[in-house]
1. Could you work out which residue, out of V41, V110, V32, moves most in a Gaussian network model of the chain, that is, has the largest mean-square fluctuation with Cα springs under 10 Å?
2. How do the peptides 92-98, 66-72, 19-25 rank, highest first, by the average count of neighbouring beta carbon atoms within 10 Å per residue?
3. Lys/Arg Cβ at +1, Asp/Glu Cβ at -1, dipole of the range 1-46 taken about the Cα centre: which of F24, L9, H42 is farthest positive-ward?
4. Would you work out what percent of the accessible area of the range 1-90, with all protein chains in place, is carbon or sulfur (probe 1.4 Å)?
5. Could you calculate, for the chain, the ratio of the Cα radius of gyration to the Kirkwood radius, expressed as Rg to Rh?
6. Calculated from DSSP H runs of 4 or more alone, at -39500 (n - 2.57) each and per residue, what is the 222 nm mean residue ellipticity of the chain, nearest 500?
7. To the nearest Å, what is the center-to-center distance of the range 1-27 and the range 49-126, using C-alpha atoms only?
8. Given charges of +1 on the Cβ of Lys and Arg and -1 on the Cβ of Asp and Glu, with all other atoms neutral, how large is the dipole of the chain about its Cα centre, in debye to the nearest 20?
Amino acid sequence: MNNQQKQLLTLLESTFNPQDDIHFLAIAETQVQAHDKERPVHQVRVALTFKEGDTINPYYDGTDLFITIDGNNIQFTLEEDWADGPPAIEGSPIELALGWVSELASPFFVSLHAREAAERKDITSA
């Protein structure tokens with residue numbers, strides 16, 4: 001994970017997980033828009049679930065959000081497109097989270113729980 005990705009993970013943690021009750025399963029990012037005079041816009045795909053102590057919910061929610069990156073400054077953008085309303089994926093089995101995130105780009109973050117769930121899915125579907 002590079003420095004920008006670490007900063008992005010920190011932003012997501014501080015924004016969406018202040019109570020430490022969220023478990024990020026997988027996160028991917030790709031640049032989707034670039035203008036000569038404006039900062040590039042990046043799409044971020046996040047799969048997450050809730051946790052209670054050591055117990056992780058077996059279903060995940062997922063959404064796409066947008067950020068701009070300018071040097072060491074990462075901030076949300078285009079909030080009107082993603083901040084309100086339901087998530088893009090809601091209540092899907094966590095075995096599918098890694099695959100869904102990977103449809104956008106190769107994930108830069110994958111939790112051990114998501115990796116193990118995806119491997120169990122591959123074993124049972126083989």
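The values are calculated or read from the model by the stated rules, or taken from the named source; none is laboratory data. These numbers come from a predicted model, not from an experiment. Please note: Cβ atoms are built from the backbone with ideal geometry, for glycine as well, and neighbour counts cover all protein chains shown. Side chains included, ligands, DNA and RNA excluded: accessible areas come from the protein's heavy atoms. Shrake-Rupley method; radii C 1.70, N 1.55, O 1.52, S 1.80 Å.
1. V32
2. 92-98, 19-25, 66-72
3. H42
4. Solvent-exposed carbon and sulfur of the range 1-90 make up 43 percent of the total.
5. Values: Rg = 14.9 Å, Rh = 15.2 Å.
Value, to two decimals: 0.98.
6. -8500 deg cm²/dmol
7. Taking the Cα centre of the range 49-126 as reference, the centre of the range 1-27 is 11 Å away.
8. 400 debye
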